[in-house]
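The values are calculated or read from the model by the stated rules, or taken from the named source; none is laboratory data. Since this is a predicted model, take the numbers as computed values, not measurements. All Cβ positions, even for glycine, are placed from backbone atoms using ideal geometry, and neighbour counts span all protein chains on display.
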Amino acid sequence: MAEIVIVENADAAGELVSDAILSLVTRKPDAVLGLATGSTPLPSYRALAAKVESRAVDVTRIRGFALDEYVGLPVEHPESYRSVITKEVVEPVGLTPELVQVPNGDLATIQTAGDDYEAAIVEAGGIDLQILGIGRTGHVGFNEPGSSLASLTRTKTLTEQTRRDNARFFDSIDEVPVYCITQGLGTILRARHLVLLAFGEAKADVIAAAVEGPVTASQPGSIIQLHPHTTVIVDEGAASKL
Ligand code: GLP
């Protein structure tokens, strides 16, 4: 059973997540972080940046692996996850850019990009702490319902719902890519500690399904039940159907 922590809001969660990361980095200065995009983890990244600055923590040896990326969107596009991770995590926290990887969504190399990413994670010694958000379809990373529980990094097709949800970051839904590359559910399960974050009532159904429902590919978040060390940090809204 995952450890469930109910907090007042996303900022309070950010305090807990940033403390967990800093305690890990104190023990292991070259810790490997799994980084999620989406709006949910942003307060955690902000809290981490503030603490790193005020406590003068050396974060230059931390390594990072993002969960996912759009396929076919130029990396310099402001909504590519490479751009988002750089702007929201690498720069404010002061991580070493070369040590933070994002799956490569370039069409020219997409055939081997999944295997290359898996190899890079293994070479880094595996992910110590994986931050996860969850989409309203129940997706984690971009593993939409139906993803194999043992899947590794590969390309996927986004659902209409996810494209509509992410259209807020683009000028229109037509600009939201159709394909993505994402760590698989099996990749995520290899991380040593999973920290799943969700806030607001819109996430209540998928959190209840992930925490208490059957373990099923129809609810990708339910993989947390297969993991020996998961912390779920939610507000009252997201916890309201538990
Ligand atoms: C995005 C990301 C996921 C994220 C999810 C939820 O599409 N690929 O990694 O967890 O959707 O987004 P938000 O945190 O904005 O609700």
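Looking at Tyr81, Tyr70, just one residue is buried (at least 20 other Cβ atoms within 10 Å of the Cβ), in contact (Cβ under 8 Å) with a residue 60 or more places away in the chain and among the hydroxyl-bearing types (Ser, Thr, Tyr), and that residue is Tyr70.
I'd like to check something: does the stretch 184-194 contain any residue that is more than 25 Å from Leu242 (Cβ to Cβ), within 14 Å of the ligand (Cβ to nearest atom) and modelled with pLDDT of 95 or more? Yes, the stretch 184-194 has at least one match. Residues in the stretch 124-142 that are of a type in the set (A, V, I, L, M) and more than 7 Å from the ligand (Cβ to nearest atom) were compared, and the one that is farthest from Leu99 (Cα to Cα) is Ile131. For the stretch 38-67, residues that are under 18 Å from Leu16 (Cα atoms), within 16 Å of the ligand (Cβ to nearest atom) and outside any helix (DSSP H, G or I) total 3.
For every residue, the table says whether it meets (1) out of contact with any Lys or Arg (no Cβ under 9 Å at 6 or more places or on another chain); (2) of a type in the set (Lys, Arg).
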position	(1), (2)
Leu99	no, no
Gln111	yes, no
Ile121	no, no
Gln130	no, no
Arg136	no, yes
Gly146	yes, no
Thr162	no, no
Asp165	no, no
Ile181	no, no
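Test of understanding: among Lys28, Lys87, which residue is under 19 Å from the mean Cα position of the chain (by Cα) and not hydrophobic (A, V, I, L, M, F, W, C)? Sole residue among the options that is under 19 Å from the mean Cα position of the chain (by Cα) and not hydrophobic (A, V, I, L, M, F, W, C): Lys87. Within the stretch 23-45, the set of residues being more than 27 Å from Ile181 (Cβ to Cβ) and crowded, with 18+ Cβ neighbours inside 10 Å comprises just one member, Val25. Once the stretch 122-137 is narrowed to residues that are modelled with pLDDT of 95 or more and over 15 Å from Thr37 (Cβ atoms), the residue that is surrounded by the most Cβ atoms within 10 Å (Cβ to Cβ) is Ile127.
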